[in-house]
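To start, the structure under review is shown below, and the notes come after it.
Laboratory data are not the source of any read-out in this text; all were calculated from the coordinates shown. Model, not experiment: these values are computed from the prediction. Every residue, glycine as well, gets a Cβ built from its backbone with ideal geometry; the counts of neighbours run over all protein chains shown.
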Amino acid sequence: MKPIKITIFGNPISVNHTYYKWASSYYVWRAAREYKKEAIWQAQTQFGKIPLECNLDVEYHYFFKDARKRDHLNYNKALNDALNGVVWVDDLQIKSSHHYTYTDRLSPRIELIIRQSK
């Protein structure tokens, strides 16, 4: 399988800003819902195929709008969940991942490079 590149434009959202607890239930913040909806649309536009069913290796290239220190591993959860059923059947198919962080003040985004796992 040839590597697949998908770019999700917009400031990446952390899992820390995705869910909140009210009483005994967890809910998704509105900004997180909107980010996931936008990520799904962008991925479908760029990928537009039947979701992959094989094991995958994924590179995450995070482009943040500022150079603030972040735990970049918190930024893939919301995106992975959004891409379930769009790019891959389930994010459990991701067997290895590599994460890279950059600063791009004008165009914050996440670039995914997806390869079939060996």
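Brief remarks on what is shown
- Where a label projected 7 Å from the Cα of Tyr26 along Cα→Cβ would reach, residues of the range 86-101 with amide N under 17 Å: 91-92
- Residue by residue, the range 91-106 carries 3J(HN,Hα) couplings of 5, 5, 6, 6, 8, 8, 9, 10, 10, 10, 10, 9, 10, 9, 4, 8 Hz when phi is fed to the Karplus relation 6.51 cos²θ - 1.76 cosθ + 1.60 (θ = phi - 60°); x denotes Gly or Pro.
- In a fully extended conformation the segment linking Asp71 and Lys37 would gain 9.9 nm over its present Cα-Cα distance, using 0.36 nm per residue.
- With helices as the sole contributors, the chain gives -6500 deg cm²/dmol at 222 nm; each DSSP H run of n ≥ 4 counts as -39500 (n - 2.57), and the sum is divided by every residue.
- For the range 4-116: relative contact order, % (alpha-carbon pairs under 8 angstrom, 6 or more apart): 43 percent
- Debye intensity ratio in log₁₀ form over the Cα atoms of the range 51-118, taken at each q of 0.15, 0.18 Å⁻¹: -0.49, -0.67
- Over the C-alpha atoms of the range 4-116, the Rg to Rh ratio, Rh being the Kirkwood estimate, stands at 0.96.
- The H on the amide N of Trp88, modeled in the peptide plane, is under 5 Å from the matching H of Leu52, each at least 5 residues off or on a different chain.
- 3J(HN,Hα) couplings calculated from phi for the range 36-52 with the Karplus curve 6.51 cos²θ - 1.76 cosθ + 1.60 (θ = phi - 60°) are, in sequence order, 4, 4, 5, 5, 4, 4, 5, 5, 5, 5, 7, 9, x, 10, 5, x, 5 Hz; Gly and Pro show x.
- Ranked by how many other Cβ atoms sit within 10 Å of their own Cβ, fewest first, the residues Glu34, Glu111 fall in the order Glu34, Glu111.
- The count of lysine pairs in the chain whose Cα atoms are under 16 Å apart, excluding pairs fewer than 8 places apart on the same chain, comes to 7.
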